[in-house]
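The values are calculated or read from the model by the stated rules, or taken from the named source; none is laboratory data. The structure presented is a predicted model; accordingly, all values stated were derived computationally and were not measured. All Cβ positions, glycine included, derive from the backbone under ideal geometry; neighbour counts span all protein chains shown.
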Amino acid sequence: MNDSNKYKIWELAASKIHLEAGDRENQELDELLQQPENQKIFADVHQVHKEIPEVRPLYNSSSSRSWQIISRYFKNKKTKLYLNIAKYAAIIILAFGIGTFFHFNLKPQPEIPPVYTEIFVPPGQMSEITLNDGTHVWLNSETTLRYADNFGKDARNIELKGEAYFKVKRSEIPFKVGVKDNEVEVLGTSFGVIAYPDENFSRVTLVEGSVQINDNHGRTLKQLIPKQQINLPDDKSKKITTTMVDTGFYESWILGEIKFDDEQLNEVARRIERWYNVEIRFASTDMQAMRFTGTVLKEKPVDQSVAAICKLLALKADYKSNPDTKDVIIISKK
């Protein structure tokens, strides 16, 4: 096909589709459509026209400027445009250009991975922070808190490894704490969470308000009421248990105290290890099952705290200093 016929079919196709063709033009178009290549051109023009109604309206747009941009595009592609078809083809090409623009820009863009903020509290330390939404958080020793930088805008999701106490700012956006394979969901309340990776359970203690415990599929496991505590075993074959507790024992650490209420000595030792960044060993395993009730003060040196516990339980403690690692405390019977 020569160039004149090629551009003629474009001109006649545009005229017909926009209902501007007369009898003579329609007859000429019918003759040209006897050729398969002209049929393809007409089909292409018709398809572009069909897609025009699906194009979203442009506001504050300029058709002349759009045509200039599209013209430059076609010139860069070394496509010749002739003035005798511009008045018809411009309408189609302009619409096609706009449609292509929206087609590409309305496609779902690749999701940009969120940027996370991570806070880690070293052994023997504590931290107190306020999140963007006004929620107050206390972080105990060896605790990691992680949340996306868009926290508080569309969601309030955080991940916790370790121990934390939350005073959640009330909002219509749920506040969710991911702990191992479960999730704590609240709107505004005060509660404590223990979920250390090296322990085989997670524990949530509700001080005031209401919290909902979900599994990792979003299914509700339990709705807690104030002064209620839930223990979530890592082993899913074990039973989830809830008890009523004195919440003072589980929030006192934010004031620099650890309160124990008839706790096994191995659990007492574990908490002291984290709080003071020491290692506690027992000379015999039977001592680990001994029970202790009392208070340990953060401001007191570790040797004084351990000595007080040993005195109450008729035990003794030997200390080994390790400047390069952790100090070791060996507890034995007198």
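Touching a Phe, Trp or Tyr at 6+ places or on another chain (Cβ under 7 Å) and either within 29 Å of GLU299 (Cα to Cα) or touching a residue at least 40 places away in the same chain (Cβ under 8 Å) (or both): does that describe VAL204?
yes
Just one of GLU159, GLU185, GLU142 is among the acidic types (Asp, Glu), crowded, with 21+ Cβ neighbours inside 10 Å and either touching a Lys or Arg at 6+ places or on another chain (Cβ under 6 Å) or in contact (Cβ under 8 Å) with a residue 40 or more places away in the chain (or both); which is it?
Checking each option against the conditions leaves just GLU142.
A quick yes/no check of all residues on (1) closer than 22 Å to ALA195 by Cβ; (2) modelled with pLDDT under 90; (3) assigned to a loop (DSSP other than H, G, I, E, B):
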{"position": "ILE85", "(1), (2), (3)": "no, yes, no"}
{"position": "ILE92", "(1), (2), (3)": "no, yes, no"}
{"position": "ILE98", "(1), (2), (3)": "no, yes, no"}
{"position": "PHE104", "(1), (2), (3)": "no, yes, no"}
{"position": "ASP133", "(1), (2), (3)": "yes, no, yes"}
{"position": "ARG146", "(1), (2), (3)": "yes, no, no"}
{"position": "LYS169", "(1), (2), (3)": "yes, no, yes"}
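Do we have PHE292 as over 24 Å from MET126 (Cβ atoms), over 36 Å from the mean Cα position of the chain (by Cα), aromatic (Phe, Trp, Tyr) and surrounded by 13 or more Cβ atoms within 10 Å (Cβ to Cβ) here?
no
Can you find even one residue in segment 308-318 that is under 21 Å from TRP138 (Cβ atoms) and either crowded, with 16+ Cβ neighbours inside 10 Å or at pLDDT 90 or above (or both)?
Within segment 308-318, not a single residue is under 21 Å from TRP138 (Cβ atoms) and either crowded, with 16+ Cβ neighbours inside 10 Å or at pLDDT 90 or above (or both).
Report every pair of residues separated by at least 6 positions or lying on different chains whose Cβ atoms are under 9 Å apart, first residue within segment 241-259 and on the phi < 0 side of the Ramachandran plot, second among the aromatic types (Phe, Trp, Tyr) and in a helix (DSSP H, G or I).
Filtered contacts from segment 241-259: TRP253/TRP275; ILE258/PHE249; ILE258/TRP275; LYS259/PHE249; LYS259/TYR250; LYS259/TRP253.
How about segment 241-264: which of its residues are modelled with pLDDT of 95 or more and not in a strand (DSSP E or B)?
none
Of all the strands (runs of 3 or more DSSP E) wholly in segment 175-233, which have at least 3 residues that are closer than 18 Å to PHE249 by Cα, in the same structural domain as VAL245 (by TED's automatic domain parsing) and in contact with a strand residue (DSSP E or B) (Cβ under 8 Å, 6 or more places away or on another chain)?
Once the strands (runs of 3 or more DSSP E) in segment 175-233 are filtered for at least 3 residues that are closer than 18 Å to PHE249 by Cα, in the same structural domain as VAL245 (by TED's automatic domain parsing) and in contact with a strand residue (DSSP E or B) (Cβ under 8 Å, 6 or more places away or on another chain), what remains is 190-195, 201-208, 228-233.
Say we look at segment 246-260 and pick out the residues that are of a type outside the set (Ser, Thr, Tyr) and buried (at least 16 other Cβ atoms within 10 Å of the Cβ); which of these is nearest to GLU185 (Cα to Cα)?
The residue in question is GLU251.
In segment 216-238, what residues are among the polar types (S, T, N, Q) and under 27 Å from the mean Cα position of the chain (by Cα)?
ASN216, THR220, GLN223, GLN229, ASN231, listed by residue number.
Considering only residues that are among the hydrophobic types (A, V, I, L, M, F, W, C) and closer than 16 Å to ASN140 by Cα, which ones fall in segment 261-303?
VAL268, ALA269, ILE272, TRP275, VAL278, VAL296, LEU297
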